[in-house]
Amino acid sequence: IKLPFEESEAGGVFNVNKTTGQALTDDLLCLMTTRRGNRVMRNRIYSPIYDYIDEPIDDITIENLTRDIEQKIQEFLPQIDVYETRITPYEDQNILEIKILFTVKSFYNIKQSLVLNIATQNNTITGNFTNA
């Protein structure tokens, strides 16, 4: 299913992805926004971001979060190569920005990025993709 949800004009309920690259980028967004326990039968599929939201954001936390994000992506989306993860706290706005720079292995190594903005007050995550 293509994200964000849109009504399909082709007879289905939701629009679907037409290429593997689009599907993998949407899978990455789903993985990074899935809370622990949301996938009952596959309880290892969750985003490590929620484990760090209430932690003080210092160098150690950023290093651990970066490692955990890259391990989750490698475990569940091995078709994606992450070449950099940038974590930037904006304490004055209570936002934590996570930028994941990646390529899809079978997609001609086109560099893309996923930017996640986490509102630390209400634990919500929004994300969007761009070509890096």
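The values are calculated or read from the model by the stated rules, or taken from the named source; none is laboratory data. Please read all numbers here as calculations on a predicted model, not as lab measurements. We place every Cβ from the backbone using ideal geometry, glycine too, and count neighbours over all the protein chains shown. Side chains included, ligands, DNA and RNA excluded: accessible areas come from the protein's heavy atoms. Shrake-Rupley method; radii C 1.70, N 1.55, O 1.52, S 1.80 Å.
The set of residues from segment 48-72 being open to solvent by 20 Å² or more (accessible area, probe 1.4 Å) and either part of a loop (DSSP other than H, G, I, E, B) or touching a residue at least 40 places away in the same chain (Cβ under 8 Å) (or both) comprises Tyr50, Asp54, Glu55, Pro56, Ile57, Asp58. Within segment 84-106, the only residue that satisfies the criterion of being under 25 Å from Glu55 (Cα atoms), of a type in the set (Ser, Thr, Tyr) and open to solvent by 70 Å² or more (accessible area, probe 1.4 Å) is Tyr90.
In the set (1) closer than 17 Å to Ile100 by Cα; (2) at pLDDT below 85; (3) hydroxyl-bearing (Ser, Thr, Tyr), Thr33 fails one condition alone, (2). Could you say whether any residue in segment 50-69 is modelled with pLDDT under 90, in contact with a strand residue (DSSP E or B) (Cβ under 7 Å, 6 or more places away or on another chain) and under 24 Å from Gln22 (Cβ atoms)? Looking through segment 50-69, none of the residues is modelled with pLDDT under 90, in contact with a strand residue (DSSP E or B) (Cβ under 7 Å, 6 or more places away or on another chain) and under 24 Å from Gln22 (Cβ atoms).
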